[in-house]
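The values are calculated or read from the model by the stated rules, or taken from the named source; none is laboratory data. Every value quoted in this text rests on a predicted model; they were computed, and no experiment measured them. Glycine gets a Cβ as well: all are built from the backbone with ideal geometry, and neighbour counts include every protein chain shown.
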Amino acid sequence: MDILDQWRTTLEKMLQSYAELPYTLGDVSTYVVASRDGNHFFLMHEGWQGNRRIHGMVVHAEIRDRKIWIHYDGIEGSITEELVAAGIPKESIVLAFHPPYVREHTGYAVA
């Protein structure tokens with residue numbers, strides 16, 4: 001299996017494990033969306049919390065230029081740390097939610 005396919009599998013499994021956690025505050029579903037080209041991965045919430053509509057992205061990751069770009073990380077413990085624990089090197093992960101001048105100080109890839 002190619003390294004990019006391994007990363008795709010790791011991302012999908014990781015996000016799916018979060019999607020399976022029960023949402024305790026209301027009638028909210030959590031699900032994974034993966035793009036057809038296999039390079040964009042989303043974890044989404046959708047439903048109702050009382051009279052309040054819940055709909056939004058929890059995680060957005062993309063595989064681009066042989067790196068995993070984390071565009072949004074709304075996981076309390078950080079999806080990025082889990083990717084590193086799963087064996088993905090820090091130099092292969094871009095914290096895209098930080099501007100480039102900040103990324104160079106994070107210990108992760110700049111771009």
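Hey, could you check region 57-111 for residues that are farther than 18 Å from PHE41 by Cβ, assigned to a helix (DSSP H, G or I) and not basic (Lys, Arg) and say which is nearest to the chain's Cα centre (by Cα)?
Step by step, filter region 57-111, then rank; the result is GLU91.
If TRP69 satisfies every condition in (1) of a type in the set (A, V, I, L, M, F, W, C); (2) surrounded by 13 or more Cβ atoms within 10 Å (Cβ to Cβ); (3) more than 29 Å from SER29 (Cβ to Cβ) but one, which is the exception?
Single failed check for TRP69: (3).
If you take the residues in region 96-111 that are in contact (Cβ under 8 Å) with a residue 12 or more places away in the chain and out of contact with any helix residue (DSSP H, G or I) (no Cβ under 6 Å at 6 or more places or on another chain), which one is farthest from LEU21 (Cα to Cα)?
Here the answer is ALA111.
Residue by residue through region 4-40, note down the ones that are touching a residue at least 40 places away in the same chain (Cβ under 8 Å) and of a type outside the set (S, T, N, Q).
LEU4, TRP7, ARG8, LEU11, MET14, LEU15, TYR18
Against the conditions (1) of a type in the set (A, V, I, L, M, F, W, C); (2) at pLDDT 95 or above; (3) more than 24 Å from VAL110 (Cβ to Cβ), where does LEU25 fall short? Just the number, please.
Checking LEU25 against (1) of a type in the set (A, V, I, L, M, F, W, C); (2) at pLDDT 95 or above; (3) more than 24 Å from VAL110 (Cβ to Cβ), the one that fails is (2).
Does GLY50 count as among the small types (Gly, Ala, Ser), surrounded by fewer than 13 Cβ atoms within 10 Å (Cβ to Cβ) and touching a residue at least 12 places away in the same chain (Cβ under 8 Å)?
Yes; evaluated as a whole, the condition is true for this residue.
Determine whether LEU21 is part of a loop (DSSP other than H, G, I, E, B), out of contact with any Lys or Arg (no Cβ under 8 Å at 6 or more places or on another chain) and not charged (D, E, K, R).
So LEU21 fits the description; yes.
Condition first: assigned to a strand (DSSP E or B), of a type outside the set (D, E, K, R) and out of contact with any Leu (no Cβ under 7 Å at 6 or more places or on another chain). Now tell me which residues in region 43-56 satisfy that.
If the condition is that a residue be assigned to a strand (DSSP E or B), of a type outside the set (D, E, K, R) and out of contact with any Leu (no Cβ under 7 Å at 6 or more places or on another chain), then MET44, HIS45, GLY47, TRP48, ILE54, HIS55, GLY56 are the ones that fit.
If you check GLY47 against the conditions, is it at pLDDT below 95, of a type outside the set (Ser, Thr, Tyr) and on the phi > 0 side of the Ramachandran plot?
So GLY47 fails the test.
Give the residues of region 20-47 that are closer than 16 Å to GLU76 by Cα and buried (at least 17 other Cβ atoms within 10 Å of the Cβ), sorted by residue number.
THR30, PHE42, LEU43, MET44, HIS45
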